[in-house]
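The values are calculated or read from the model by the stated rules, or taken from the named source; none is laboratory data. Bear in mind the structure is a predicted one, so any value in this text is a computation, not a measurement. Here the Cβ positions follow ideal geometry from the backbone for every residue, glycine too, while neighbour counts run over all protein chains shown.
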Amino acid sequence: MQEEVKKILQYLWEDINREWLQDTPKRVEKAYAKLFEWYNQKVEDVMTVFENESKWIDQIVWLNDIEFYSFCEHHMLPFFWKATVYYIPGKKICGISKLARIVNIYARRLQNQERLTKQIADALEKYLKPKAIAVILEWKHFCMIARWVEKQNSIMKTSDLRWVFRKDWKARQELFNLINK
């Protein structure tokens, strides 16, 4: 990878022998290893589920403002901001840190926002089998900020609503009331 970084620097008309750039290829390789370290993680490696002690629970559980970053697969530029995950438990629940870990597992790779939203919801469905799922992601794309359109304040949002949140009007309204607070 270091040789490829040198080629990029030369493409940018940089002198790769310049003092401040000599260790750049090594630093970029180390940075990419850290940025994409979740590629090797699987949800089953981090997911711990528990039996829902109160089988009749019908309350919404959620974790909001889960900070994340990812990289656009089209330009390899970052996008970042926050995710909120909602679910109504079925027979299984999980620790709250697991919700953040699921976001990281799928975010820390080359992505697009629609797929990332769906992958998080799919993991919740597979491991928790909840009565309802809602995944809402909000992000700023560096593609939009720094490239041709240069829109500094544009925010992309995606959502994936499943089961009760999609079919039951009252549950959906309660969800939207929570989202809009």
Residue set A100, A83; condition in a strand (DSSP E or B) and assigned by TED's automatic domain parsing to the domain that holds I145; output residue A83
The condition of being more than 17 Å from F80 (Cβ to Cβ) and either of a type in the set (G, A, S) or buried (at least 19 other Cβ atoms within 10 Å of the Cβ) (or both) holds, among A100, A107, A171, A146, only for A171
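Conditions (1) surrounded by 13 or more Cβ atoms within 10 Å (Cβ to Cβ); (2) farther than 24 Å from W139 by Cα; (3) in the same structural domain as L161 (by TED's automatic domain parsing), marked per residue:
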| position | (1), (2), (3) |
| --- | --- |
| A31 | no, no, no |
| V43 | yes, no, yes |
| T48 | no, yes, yes |
| S54 | no, yes, yes |
| W62 | yes, no, yes |
| E67 | no, no, yes |
| F71 | yes, no, yes |
| request: Tell me, please, whether a residue that is part of a helix (DSSP H, G or I), of a type outside the set (K, R) and in contact with a strand residue (DSSP E or B) (Cβ under 6 Å, 6 or more places away or on another chain) can be found in segment 140-155. | output: yes
Filter segment 111-133 for residues that are in contact (Cβ under 8 Å) with a residue 60 or more places away in the chain and not aromatic (F, W, Y); the one that is nearest to A83 (Cα to Cα) is A123
Of the candidates E67, E53, the one satisfying the condition of being more than 19 Å from D122 (Cα to Cα), within 14 Å of the chain's Cα centre (by Cα) and either acidic (D, E) or outside any strand (DSSP E or B) (or both) is E67
Restricting segment 149-168 to residues that are more than 17 Å from L63 (Cα to Cα), touching a helix residue (DSSP H, G or I) at 6+ places or on another chain (Cβ under 7 Å) and of a type in the set (A, V, I, L, M, F, W, C), the one surrounded by the fewest Cβ atoms within 10 Å (Cβ to Cβ) turns out to be M156
Checklist entry - If we scan segment 146-153, do we find a residue that is over 21 Å from C72 (Cα atoms) and either in contact with a Pro (Cβ under 6 Å, 6 or more places away or on another chain) or assigned by TED's automatic domain parsing to the domain that holds P78 (or both)? => result no
Note: among A134, A123, just one is out of contact with any strand residue (DSSP E or B) (no Cβ under 9 Å at 6 or more places or on another chain), closer than 28 Å to C72 by Cβ and outside any loop (DSSP other than H, G, I, E, B), namely A123
